[in-house]
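Working notes for the structure below.
Bear in mind that the values in this text are calculations on the coordinates, not laboratory data. Model, not experiment: these values are computed from the prediction. FYI the Cβ positions are ideal-geometry reconstructions off the backbone, even for glycines, and counts take in every protein chain you see.
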Amino acid sequence: MELLFVLLLALAMDVLFGEPPRATHPVVWIGKVISFWERFAPAQGPRSQLVYGGGVVVLTIFIFAAPVYFLLIYASQISSIAYVIGGALLLKLSFSLRELRRAALAIELILTKDNLREAQAMMSTLVSRDTQSLEKPEIVSATVESVAENVSDSFVAPLFYFLLLGVPGAVAYRVVNTFDAMIGYHGKYEYLGKFAARLDDVLNFIPARVSGLLLVIAAYLCKRDGKRAWRVMLRDHGKTESPNAGWPMSAMAGALRVRLEKRGCYTLGNTNNPLSPQVILSGMKLVEVAALLWVSVCLIVGVTYFVLIA
């Protein structure tokens, strides 16, 4: 039952406080550790890079997840309250919804004011692509794609691994996801990030598909085009380079009846509605409803597990 209180308190922390200062955020620390490992990566040899990359992923997971595990054991010996507060704080640091909403709505407001340059600059907080050449519809598309993908990476997946493996599982997932975001498949060392990228693909296999389904259900609840969301998701999910990102993104495209496009890479959905800034608001509403649905699922699973083992 304590895990349910950990989850509820962590969600409340995200809603009320959002993200901690950058200097104290564990994801920033993870990024610094990854940058440290990268400095010592072998410059040549695919096999050497692959082995080194896999080794540092496993080591970094241990560095961050093991202290969490032992810290929570210690907290549980002090009191249930200490365990719940400590677990909630650590779990909160593994996911983010309020910050995603803040960034998306900030871009929507800037686009409404037709400040294209500022919107291009702010897009760097959401996407890794070159944003300086993006036109207004492309910025709307990239923002909607990002919030759809991040409902999986930044919310559904961390809580999924929390249900399976507790707070250390959520932290371990965040380590792998950060590795993938920083070095992935490509970069200075072609094979350095392949292990992390493949592991991230495996870890996101179920959460991405669950996220797509949640967005389809959210489309029905929000009186959007749920039927089209389902059809487009099944048709277009394989068009992205990532085997997972296409599921929530194509579901979002279908629900909003828009075409989401990354120039030279993929197009998802059909051109039915224009890509106006209002689309960002509609997409964020779907994400929020999908997140509420996922929280409900997590609570049901948690209560069921508690009843079965009680």
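How many residues are in contact (Cβ under 8 Å) with a residue 12 or more places away in the chain and surrounded by fewer than 23 Cβ atoms within 10 Å (Cβ to Cβ) when one looks only at the stretch 196-210?
8
Determine which single condition Asp114 fails, assuming it passes every other condition in (1) without any contact (Cβ under 8 Å) to a residue 60 or more places away in the chain; (2) part of a helix (DSSP H, G or I).
That leaves (2) as the condition not met.
Can you find, within the stretch 143-167, the residue that is nearest to Gln278 (Cα to Cα) among those that are aliphatic (A, V, I, L, M) and surrounded by fewer than 22 Cβ atoms within 10 Å (Cβ to Cβ)?
The residue in question is Leu163.
How many residues are under 21 Å from the mean Cα position of the chain (by Cα) and not aliphatic (A, V, I, L, M) if we restrict to the stretch 1-44?
Residues that pass the stated criteria total 14.
How about the stretch 235-265: which of its residues are among the basic types (Lys, Arg) and in contact with a strand residue (DSSP E or B) (Cβ under 6 Å, 6 or more places away or on another chain)?
Lys239, Arg259
Is it true that some residue in the stretch 149-166 is farther than 19 Å from Leu11 by Cβ and not in a helix (DSSP H, G or I)?
Checking the stretch 149-166: not a single residue is farther than 19 Å from Leu11 by Cβ and not in a helix (DSSP H, G or I).
For residues that are in a loop (DSSP other than H, G, I, E, B) and of a type in the set (Gly, Ala, Ser), scanning just the stretch 3-62, find the one that is nearest to Tyr161 (Cα to Cα).
Gly18
What's the number of the condition Pro274 fails, among (1) in a helix (DSSP H, G or I); (2) out of contact with any Asp or Glu (no Cβ under 7 Å at 6 or more places or on another chain); (3) in contact (Cβ under 8 Å) with a residue 24 or more places away in the chain?
Just one mismatch for Pro274, condition (1).
Which one of Ser80, Ser48 is over 20 Å from Pro168 (Cβ atoms) and out of contact with any Leu (no Cβ under 8 Å at 6 or more places or on another chain)?
Ser48
Kindly check whether there is at least one residue in the stretch 247-257 that is over 30 Å from Asn115 (Cα atoms) and surrounded by 14 or more Cβ atoms within 10 Å (Cβ to Cβ).
yes
If I go through the stretch 211-242 residue by residue, how many of them are in contact with a Phe, Trp or Tyr (Cβ under 7 Å, 6 or more places away or on another chain), buried (at least 19 other Cβ atoms within 10 Å of the Cβ) and assigned to a helix (DSSP H, G or I)?
Looking only at that region, the number is 7.
Give the residue that is nearest to Arg101 (Cα to Cα), with candidates limited to residues of the stretch 6-53 that are surrounded by 18 or more Cβ atoms within 10 Å (Cβ to Cβ) and small (Gly, Ala, Ser).
Of everything passing the filter in the stretch 6-53, Ala10 is nearest to Arg101 (Cα to Cα).
What are the residues in the stretch 89-102 that are part of a helix (DSSP H, G or I) and surrounded by 20 or more Cβ atoms within 10 Å (Cβ to Cβ), if any?
Leu90, Leu91, Lys92, Leu100
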